[in-house]
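Derivation of every value follows stated rules applied to the coordinates shown; laboratory data play no part. Small disclaimer: the values here were computed from a predicted structure and weren't measured. In this analysis, Cβ positions are derived from the backbone assuming ideal geometry, glycine residues included, and neighbour counts consider all displayed protein chains.
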Amino acid sequence: MSESLSDRAAAACLRAAVAAPSIHNTQPWRFRFDGGGFDVFGDPARRLEAIDPQHRGMYLSVGAAVCNLRLALAAEGWVSRLERGGPEGRAARVALAASREPDGSVRALAGAIARRRTNREPYDDAVIPDATLDALCRAGAAGGVRLVALDPVRRGAVLALTQAADAVQRADPRYQRELTAWTTGHADRRDGVPARVFGPRATTAALPLRDFGLDLPPKERGLARFERHPHLLVLHSRGDGRAEWLDAGRALQRVLLTAVVHGLAVQPMTQALEVPNLRRMLAAQDGRWFPQMILRVGYGRPVDTGPRRPLRDVLLPADGTSLPLRSTAFSRPPAATAGSRYRR
Ligand SMILES: Cc1cc2nc3c(=O)[nH]c(=O)nc-3n(C[C@H](O)[C@H](O)[C@H](O)COP(=O)(O)O)c2cc1C
């Protein structure tokens, strides 16, 4: 442990931060390191107008990155203090507070950051032990946030709402255009969802997973039998504003890393949360709790992760004098062109 965080350690912590999941792999975050801590910003230039006009998914993604950043700092021997909000539209500040030797659980979660990935493959029909589900729910429980494992009745309701949302989205040209923009482009693109991680299509419509290859001919996508009774988890928060989305994102990431530690695969499936009246129907089942994330969990074969942008693309100048509203480094993804399906 040292007196201050070296640039090399700061860069390692930022690499952990950007390994976080993000909606459509937009990586909608920017960071500024000033020696005493990190300012974390969302990146509105990377927001998804069709499915995330409120920026809820963006702040969940930023919250997941903040969780990774703090865990990586803790593994380096630094306790950090979190401040939500701040000037210039800052989402959060992670300030170095004290040094402390990391304990085993911090090491385990920090060690899981690089192994976590979204798994869109079929999972086994195996039952997840209650003790494991309890561990996930504990990881997702924090002030104002909770994670619920769905019983068969509620699972059926959530799947039905997801099916309805999926149909609404598929029929929406804005949704289609946005999805195409984040799933196509040149092969060395460092954001978006490449075809190699789309996963196969399910043989039945009973499991309405997001189809990232809507326009791909059937022969280019495998068909597979998915688990008959998917395990679904829903993350809720008490409020529904920017601070709560950030906290839900932090809790989400703790759940995802705990899943890695327990050998579980996870896939977010958030279509029902992106169609406002369907999200309201889901919320109505839970009184005063707002649904923030739906997760499918199970045991699956290892998969690859999506690409990440280099740190230079997400790092703001340390002098803090100005926040570039739209520098070239933070530009939108290249427009989709016919025949430019994005593979790596
Ligand atoms: C708010 C949010 C919503 C997401 N929704 C979905 C989804 O509906 N379907 C899906 O397969 N992945 C979903 N993802 C996962 C992202 O696509 C994934 O994190 C991203 O492509 C990066 O890949 P990785 O998680 O393997 O690093 C979501 C992630 C976040 C943070």
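For residue 232, what is the net charge nearby, where nearby means another residue's Cβ is under 9 Å from its Cβ and Lys, Arg count +1, Asp, Glu -1?
Cβ neighbours under 9 Å give a net charge of +3.
Multiply the residue separation of residue 238 and residue 319 by 0.36 nm, subtract the distance between their alpha-carbon atoms, and state the gained length in nm to one decimal. Write down the numbers at each step before the final one.
Numbers: separation 81, 0.36 × 81 = 29.16 nm, distance 3.66 nm.
Computed gain between residue 238 and residue 319 is 25.5 nm.
Give me the angle, in degrees from 0 to 90, between the Cα long axis of helix 152-170 and the longest principal axis of the Cα atoms of the chain, rounded to the nearest 10.
90 degrees
Where in the chain lies the longest segment free of GluC sites (Glu not before Pro) that are both loop residues by DSSP (not H, G, I, E, B) and have at most 12 other Cβ atoms within 10 Å?
Longest site-free region, per DSSP loop and neighbour criteria: 50-344.
Please sort 53-60, 183-190, 106-113 by packing, taking for each peptide the average over its residues of neighbouring beta carbons within 10 angstrom, highest first. Let's see the in-between values first.
Working: 53-60: 22.2, 183-190: 16.1, 106-113: 18.5.
Ranking, from highest mean packing down: 53-60, 106-113, 183-190.
If I model a spin label at residue 11 and residue 284 as a point 7 Å from the Cα along the Cα→Cβ vector, what separation in nanometres do I get?
The modelled label-to-label distance comes out at 5.4 nm.
Note the full-extension length gain between residue 311 and residue 223 as 0.36 nm times their separation in residues minus their Cα-Cα distance, in nm to one decimal.
Full extension of this stretch gives 28.0 nm more.
I'd like the distance separating the alpha-carbon centroids of region 121-196 and region 218-242, in whole Å.
3 Å
Given a Förster distance of 45 Å, report the FRET efficiency between residue 124 and residue 81 from their Cβ-Cβ distance, rounded to the nearest 0.05.
Using R0 = 45 Å, I get an efficiency of 0.60.
So, in Å, what gap is there between the alpha-carbon centers of region 243-296 and region 65-85?
22 Å
Using only Cα atoms, tell me the angle between helix 56-75 and the longest principal axis of the chain; keep it within 0 to 90° and round to the nearest 10.
50 degrees
When the Kirkwood radius is taken over all Cα pairs of region 130-298, what Stokes-Einstein diffusion coefficient follows at 4 °C and 1.567 mPa s, in µm²/s?
Answer from the Stokes-Einstein relation: 76 µm²/s.
Region 71-103: which trypsin sites (Lys or Arg not before Pro) are DSSP loop and have at most 12 other beta-carbon atoms within 10 angstrom? Write out the running numbers ahead of the final one.
On the way: sites: 81, 84, 90, 93, 100; in loops: 90, 100.
The qualifying sites are 100.
In which sequence would 154, 174 go, from the one with the fewest C-beta neighbours within 10 Å to the one with the most?
Starting with the residue having the fewest Cβ neighbours, the order is 174, 154.
Could I have the simple spin-label model distance between residue 177 and residue 216, label points 7 Å from Cα toward Cβ, reported in nm to one decimal?
2.4 nm
Residue-wise, which Karplus ³J(HN,Hα) couplings in Hz belong to region 209-223, taking 6.51 cos²θ - 1.76 cosθ + 1.60, θ = phi - 60°, and x for glycine or proline?
For region 209-223, the Karplus curve yields 6, 5, 9, 6, x, 3, 9, 7, x, x, 5, 8, 10, x, 10 Hz.
Just the C-alpha atoms of the chain: what Rg/Rh do they give, with Rh taken as the Kirkwood radius? If you can, show how the numbers build up before the last one.
On the way: Rg = 19.4 Å, Rh = 20.5 Å.
With Rg and the Kirkwood Rh in hand, the quotient comes to 0.95.
Could you tell me the calculated FRET efficiency between residue 203 and residue 101, based on Cβ-Cβ distance and R0 = 51 angstrom, to the nearest 0.05?
Computed FRET efficiency for residue 203 and residue 101 comes out at 0.50.
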